[in-house]
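Q: There's a structure below that I have some questions on.
The values are calculated or read from the model by the stated rules, or taken from the named source; none is laboratory data. What you see is a predicted model, and the numbers here were worked out from it, not measured in a lab. All Cβ positions, even for glycine, are placed from backbone atoms using ideal geometry, and neighbour counts span all protein chains on display.
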Amino acid sequence: RFFIDVNRLTAATTQAPVKRPREFACFSYDKNHNLRLDDSSLKWYYPPQAHELPANLSTGFDKFDKHDNSQDEHLDSLLTTIAHHEQQTGEAIDAKFVTWRGMMTKLMGAPYDEDGFEMNATIFQDCIFIEENWDFKATREAEQHGSWKGPISSQQMQFWGYKFETLATIPRPWGETSREEIENRDKEIVNNKEQYCSVVRSELGGKVLCLGGEVDAIWDYKPKTPGAKIDWVELKTSKVTQSNRDQFNFNRKLMKFWAQSFLLGVPRIIVGFRDKDGMLLNIEEYSTQKIDEQVRREHNSGNWAWRPWVCINFASEVLDCKLFSFRFN
Amino acid sequence: MGIPAAFRWLSTKYPKIISPVIEDQPIIMDDGTVIPVDTTKPNPNGEEFDNLYLDMNGIVHPCSHPEDRPAPKDEEEMMVEIFKYTDRVVNMVRPRKLLMIAVDGVAPRAKMNQQRSRRFRAARDAKEKEEDKQQLLKMLQKDKKSTMQVQPVEEVVQKAFDSNSITPGTPFMDILAASLRYWCSYKLNTDPAWAKMKVIISDATIPGEGEHKIMEFVRSQRNSQGHDPNTRHVIYGLDADLIMLGLATHEPHFRVLREDVFAQDSRPRLCKLCGQKGHDAANCRGEAKEKEGEFDEKDKAAPLKPFIWLHVNIFREYLAVELNVPGLPFTFDLERAIDDWVFMCFFVGNDFLPHLPALEIRENGIDTLVAIWKDNLPHMGGYLTKDGHVDLERAQLIMAGLAKQEDAIFRRRKETEDRREAGFKRRKLQQEKQQQRNGKGQQDSPSYRKSRGPPPETFAAASMNLISVSSIPKPAAHSITHDMVVNRQAVDQANVANKSAASVLKSQIQSLMAKPKEQAPAPAAEEPKEPTTEETQPKSPPSALGKRKAELITESDANSPAASSGVETPASGEEEATDTVRLWEEGYADRYYEQKFKVDPKDVEFRHKVARAYVEGLAWVLMYYFQGCPSWEWFYPYHYAPFAADFVDLGKMTINFDKGRISRPFEQLMSVLPAASRHAIPEVFHDLMTNEDSEIIDFYPEEFDIDLNGKKMAWQGIALLPFIEMPRLLKAMEPKQKLLSEEDRARNEPGKEVLIISDAHPVYEDITAKFYSKKPVGEKISLDTKLSEGLSGTVEKMEGYVPHGELRYPLERHTFPDVDFDRSLSVHYEFPTSSHIHKSQLLRGVKLSPPVLDRSDIEILKGKGRNAGRSFGGVPLNNNYNRNGGRGDRINYGPGGGNNRN
Ligand SMILES: [Mg+2]
């Protein structure tokens, strides 16, 4: 364990250098959560249309085709994909860290995190592999579910997010999708087994990272040029903000949205705002870069609870070998 | 809805859809040098535009017979006019990404029938005009032989360009295509505002009407990846229905650009005979134009006609309010409602079908339909149309709703007309008294004394003739003529106007000449005299009333004084074609089918057959607008529409279209042109049109009837031309095809779209590297939408083109220069093809403009909407109870809904 001096981090005038993430491989889980080393589960973004709102995000909760997450999947599919890539190219990747994007999000959010987390790391051939401490996470989640006292179960509220993804994506570009398919999205069975994952190379504070993470949808089309910017879309749901407290919480959430999207190079975050009963009311678009800029601009106004450079600098420090060697001892 | 009244109706009902175009003008320095507008600067309209589409026939036609100038004397002069006009329009819009120029190519068969009717009429009118001119000339010669020498008519009265040449397959269209390609390349070389603009030219060799080729392009782009959903589109054209097409794309950032038809025209009118200024037709001496100034270029004082925007986004706001039906069992989808609305507009008028007798745009026929639609929507279970397909069962409900009030509509129409007629007669009487007084007074007026005019009596008679022609207080005539001036229909009828002027003049002269010689007027062109009524009345020309008057003169004994009194008589009594159908009296349907269709009034099945053909037509038009031409061969095979009541069991119908064969240009020419315009067709075919023994001579009648069909104006009537039977036409043409010259044969072949870009454009390198490097990748490639800035499609190497070669000016006189080092690239271009159909949905990422309508606009519209379309009630003729049906309580036109329901 080590101590985070948020004040020191906040006062910092420089930010650890970062390099734009570039996708070099991808994989899909199909509807049965079987791994496929291709982009077959890629989705296109097409939001519910004005006349379809408000939409009940709870519709179909009883038929939810839910992924059984009681098993620790470790880094398996990420490593399989990397191995496949290395075979194809005949070259080993140059990353010093390999992990799921989610781990990095946690590291970045740690300066503002009250919950805490545990991770395990392994060094192999000069590369550090990091994964979540499964037991710690499972215990923590069980506690949270158990203590939940809201009128709507936390499972159902989780479903809202998946439902929104179903309502806001189509399996082919809009031009190739039939009206019927688009209009029947509300009747589709929600499935969270199916995923598209992007595997990127990026640099943070001079350290080369290889991150894998799910991306929800693509805005238009995936460019053919390798490494080119990709118009990914991150889909989120959040409660409509009615009070200052709501606004504060939403800003907090924005930090997570931003960190997640920043790490995979997702430029657009789409937030579906819902009421307390899970009715989707409106949809708003955020630019990842502009959240970052806005936070910087409002540095001194105190409206925003977090600072992007605090997140970046902190994650960079954590990845520094010193801290790691300290931890491994 | 190519009808002129449509535009007026739209702009009255939805006033905010129109706003003026702000246009920067070139600065003219004291020394005469002109500083052109720098169109790389921000658009003065406060908004930038990406794509400009030109429905090019809307430029070519007006340039071929301008209102305010003599017609161009040859094709080169006309091309230069076209360049000028196009340049002005492009500078107004300043498109930053794309310019598409679309010229009408061969049309679907359904359209050809209308073209045929227009062109046959134009030819007939031109012939009459020519006869008038010849006669006039003879009279002038007789009259003036002692004092002056009259020049041969051909030198003086410029030979009118035959607008019938503006049809695919003519040599003129070849010249036009070559000229447009040259000019766009020239602009790409010389105008910095064009550097980043892609130019697509779809000339007459590519099948399809111009505006529909544009729509196909827009649909193809929005269905493709890389399209920016916030592309700002502008379409220029004259058709009133471009705004409907704009709505149909479901691209909300869409505008229509056109000349302002309501602008007060302060420019001097030109003589309709010789096309010169300074006198009117009545005083035309047929003299050669006098040069004004050294270069005869003093016309610049005339202000340019202003342009207006029609905003599709604001129109969408209006429709969102107007069409909203609360409490539906399904959610209200504006996009679908808009499609239904566009569909219903077709009932009221379109280029492919005669409109339903009960629906007149001027009687707010669209409101009637909207009321029916709103009442039925909750029962229909969904919308009337979907992505260009009609739900026939639902269409039946709409027709049934209309049928409920059809009788009442006809009856009210008659009542209104009678009232109008009575009022008109009263006013006319007053006016005649007034004119008699004025006529006497005029002798002493200073302006009269100044002109060395005719003796008092004669002058008064002559001026009265003119007054009575142009000032006939015809209700609604004002709006019609207004619109017609800029509508294509009007252009097609320019000859009508000319004819009327010539005829009137002829009759004047004839009556004057009947008097003793010394009393004959010496036409005064020396001094600009007080303008006559004809001049001051803006845009009176296409008053077909005038034409009909003129015909009357020609028919009556021209030398008798009765001729002039005939002219004075307004549109009443004697020239009214007796309407023997009498829609306002019971039994009208029997009479209609008996007289118009020549079928037994008891043959009800025939009526249903006509109605089915009509529904097929509606389905065809809808597809044509939303998905592209569903059949190139389909057409409505009657001259008349059925009644709403004749539509039965539509739900049991199935409609399928067969794509069919696209006509070749010469087949179209043979289908639409009269023999008089055969100069536009290769000579080998002339025989078929002129020889009495030709097996298809029946297709080319010189005389044909025009059935007024209850209307007042000749141009509103129906030209009863025989329909072309394609198999017979093709069979007759077949043996002649092999006699065609190489050149003609080439002109009969379908062509390809051309894409022209400057070497300053980011995609230039990419294309030239792929086509012209040492290792070319092929002859045909897909565009990279990143480099092309959103343009999808494939491009193909063009034969004979090399990068940075020479650009040659294609015409004789070198009004424009050759360019030695051509910095533009020309390639063939094909729209991206997709097997998927257009969907009437907004694209993801579209950002709607902030609303323009305020609360009061919305309240006004809602107020209008409350009773709109319900004023006809629903009382059948044979139902005598409740004569007031509909005036009091609101009527419901939904199924089962009767009178007095709320
Ligand atoms: Mg057209």
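Q: Quick check: anything in region B:180-194 within 16 Å of the ligand (Cβ to nearest atom) and in a loop (DSSP other than H, G, I, E, B)?
A: no
Q: Taking region B:29-58 only, how many residues are modelled with pLDDT under 95 and either within 14 Å of chain A (Cβ to nearest Cβ) or within 16 Å of the ligand (Cβ to nearest atom) (or both)?
A: Summing the residues that are modelled with pLDDT under 95 and either within 14 Å of chain A (Cβ to nearest Cβ) or within 16 Å of the ligand (Cβ to nearest atom) (or both) in region B:29-58 gives 2.
Q: Condition (residue is under 30 Å from B:Val321 (Cα atoms) and without any contact (Cβ under 8 Å) to a residue 24 or more places away in the chain) applied to region B:794-806: is it met by at least one residue?
A: No, there is no match, as no residue in region B:794-806 is under 30 Å from B:Val321 (Cα atoms) and without any contact (Cβ under 8 Å) to a residue 24 or more places away in the chain.
Q: Would you confirm whether any residue within region B:218-227 is within 14 Å of another protein chain (Cβ to nearest Cβ), within 16 Å of the ligand (Cβ to nearest atom) and at pLDDT 95 or above?
A: Yes, because at least one residue in region B:218-227 is within 14 Å of another protein chain (Cβ to nearest Cβ), within 16 Å of the ligand (Cβ to nearest atom) and at pLDDT 95 or above.
Q: Continuing with the same structure: Need the failing condition index for A:Ser178 against (1) in contact (Cβ under 8 Å) with a residue 60 or more places away in the chain; (2) within 11 Å of another protein chain (Cβ to nearest Cβ), just the number.
A: Going through the list (1) in contact (Cβ under 8 Å) with a residue 60 or more places away in the chain; (2) within 11 Å of another protein chain (Cβ to nearest Cβ), A:Ser178 breaks only (1).
Q: Something else now. Restricting to region B:331-361, name every residue that is away from every other protein chain (no Cβ under 12 Å) and in a loop (DSSP other than H, G, I, E, B).
A: Within region B:331-361, B:Gly349, B:Asn350, B:Asp351, B:Phe352, B:Leu353, B:Pro354, B:His355, B:Leu356, B:Pro357, B:Ala358, B:Leu359, B:Glu360 qualify.
Q: Of the residues in region A:143-157, how many are in a helix (DSSP H, G or I) and within 19 Å of A:Asp275 (Cβ to Cβ)?
A: 4
Q: Does B:Leu787 count as free of Cβ contacts under 8 Å to residues at least 40 places away in the same chain and within 14 Å of chain A (Cβ to nearest Cβ)?
A: yes
Q: May I pose another question? Considering only residues of region A:175-233 that are of a type in the set (Lys, Arg) and assigned to a loop (DSSP other than H, G, I, E, B), which is surrounded by the most Cβ atoms within 10 Å (Cβ to Cβ)?
A: Among them, the one singled out is A:Lys222.
Q: Could you please find all residues in region A:101-118 being farther than 19 Å from A:Gly206 by Cα and touching a strand residue (DSSP E or B) at 6+ places or on another chain (Cβ under 9 Å)?
A: Residues satisfying the conditions are A:Gly102, A:Lys106, A:Phe117, A:Glu118.
Q: Right, something else. Could you list, in sequence order, all residues of region B:790-809 that are more than 14 Å from every other protein chain (Cβ to nearest Cβ), in a loop (DSSP other than H, G, I, E, B) and not aromatic (Phe, Trp, Tyr)?
A: The answer is B:Leu791, B:Lys797, B:Met798, B:Glu799, B:Gly800, B:Val802, B:Pro803, B:His804, B:Gly805, B:Glu806, B:Arg808.
Q: Give just the number: which of (1) crowded, with 23+ Cβ neighbours inside 10 Å; (2) within 16 Å of the ligand (Cβ to nearest atom) does B:Pro95 not satisfy?
A: (2)
Q: Looking only at region B:229-243, which residues are away from every other protein chain (no Cβ under 14 Å) and away from the ligand (no atom under 16 Å from the Cβ)?
A: B:Arg232, B:His233, B:Val234
Q: Continuing with this model, one more query. Kindly evaluate B:Val754 against the criterion of being among the aliphatic types (A, V, I, L, M) and loosely packed, with under 13 Cβ neighbours inside 10 Å.
A: no
Q: Going by the structure shown, is B:Asp74 out of contact with any strand residue (DSSP E or B) (no Cβ under 7 Å at 6 or more places or on another chain), more than 16 Å from the ligand (Cβ to nearest atom) and away from every other protein chain (no Cβ under 14 Å)?
A: Criteria met by B:Asp74.
Q: On to the next question. Does region A:151-168 include one or more residues that are within 14 Å of chain B (Cβ to nearest Cβ), at pLDDT 95 or above and in contact with a strand residue (DSSP E or B) (Cβ under 9 Å, 6 or more places away or on another chain)?
A: Yes, region A:151-168 has at least one match.
Q: Kindly establish whether B:Pro207 is in contact with a Pro (Cβ under 7 Å, 6 or more places away or on another chain) and either within 16 Å of the ligand (Cβ to nearest atom) or modelled with pLDDT of 95 or more (or both).
A: So B:Pro207 passes the test.
Q: If B:Phe704 passes every condition in (1) aromatic (Phe, Trp, Tyr); (2) closer than 29 Å to B:Asp174 by Cα; (3) not in a helix (DSSP H, G or I) but one, which one does it miss?
A: B:Phe704 satisfies every listed condition except (2).
Q: Can I ask one more? Being in a helix (DSSP H, G or I), farther than 20 Å from B:Ile200 by Cα and within 16 Å of the ligand (Cβ to nearest atom): is that true of B:Arg121 here?
A: Here the answer is no, as B:Arg121 does not meet what is asked.
Q: Pairs only if they're at least six apart or on different chains, beta carbon under 7 angstrom, first in region B:53-75 and under 20 Å from B:Ile214 (Cα atoms), second part of a helix (DSSP H, G or I) and among the small types (Gly, Ala, Ser); list them, first residue then second.
A: What qualifies is B:Asp55/B:Gly210; B:Met56/B:Gly210; B:Asn57/B:Gly210; B:His61/B:Ser163.
Q: While we're looking at this one, here's another question. Would you check if A:Ala228 is within 21 Å of A:Lys19 (Cβ to Cβ), within 14 Å of chain B (Cβ to nearest Cβ) and either under 18 Å from the mean Cα position of the chain (by Cα) or modelled with pLDDT under 95 (or both)?
A: Yes; evaluated as a whole, the condition is true for this residue.
Q: Among the residues of region B:244-262 satisfying the criterion of being under 15 Å from the mean Cα position of the chain (by Cα) and either assigned to a strand (DSSP E or B) or away from the ligand (no atom under 14 Å from the Cβ) (or both), which is nearest to B:Ala5 (Cα to Cα)?
A: This residue is B:Val261.
Q: Within region A:52-70, can one find any residue that is of a type in the set (Phe, Trp, Tyr) and surrounded by 13 or more Cβ atoms within 10 Å (Cβ to Cβ)?
A: Yes, region A:52-70 contains a residue that is of a type in the set (Phe, Trp, Tyr) and surrounded by 13 or more Cβ atoms within 10 Å (Cβ to Cβ).
Q: Here is a further query. Among B:His379, B:His389, which is out of contact with any strand residue (DSSP E or B) (no Cβ under 6 Å at 6 or more places or on another chain) and within 14 Å of chain A (Cβ to nearest Cβ)?
A: Exactly one of B:His379, B:His389 is out of contact with any strand residue (DSSP E or B) (no Cβ under 6 Å at 6 or more places or on another chain) and within 14 Å of chain A (Cβ to nearest Cβ), namely B:His389.
Q: Just to verify a result, which residue in region A:24-51, among those that are within 30 Å of A:Leu281 (Cβ to Cβ) and among the small types (Gly, Ala, Ser), is surrounded by the fewest Cβ atoms within 10 Å (Cβ to Cβ)?
A: A:Ala50
Q: Have a look at A:Glu214, A:Glu188 and point out the one that is modelled with pLDDT of 95 or more, within 15 Å of the chain's Cα centre (by Cα) and more than 14 Å from chain B (Cβ to nearest Cβ).
A: Unique residue meeting the criteria: A:Glu214.
Q: Restricted to region B:834-866, and to residues that are hydroxyl-bearing (Ser, Thr, Tyr) and within 11 Å of chain A (Cβ to nearest Cβ), which residue is surrounded by the fewest Cβ atoms within 10 Å (Cβ to Cβ)?
A: Among them, the one singled out is B:Ser835.
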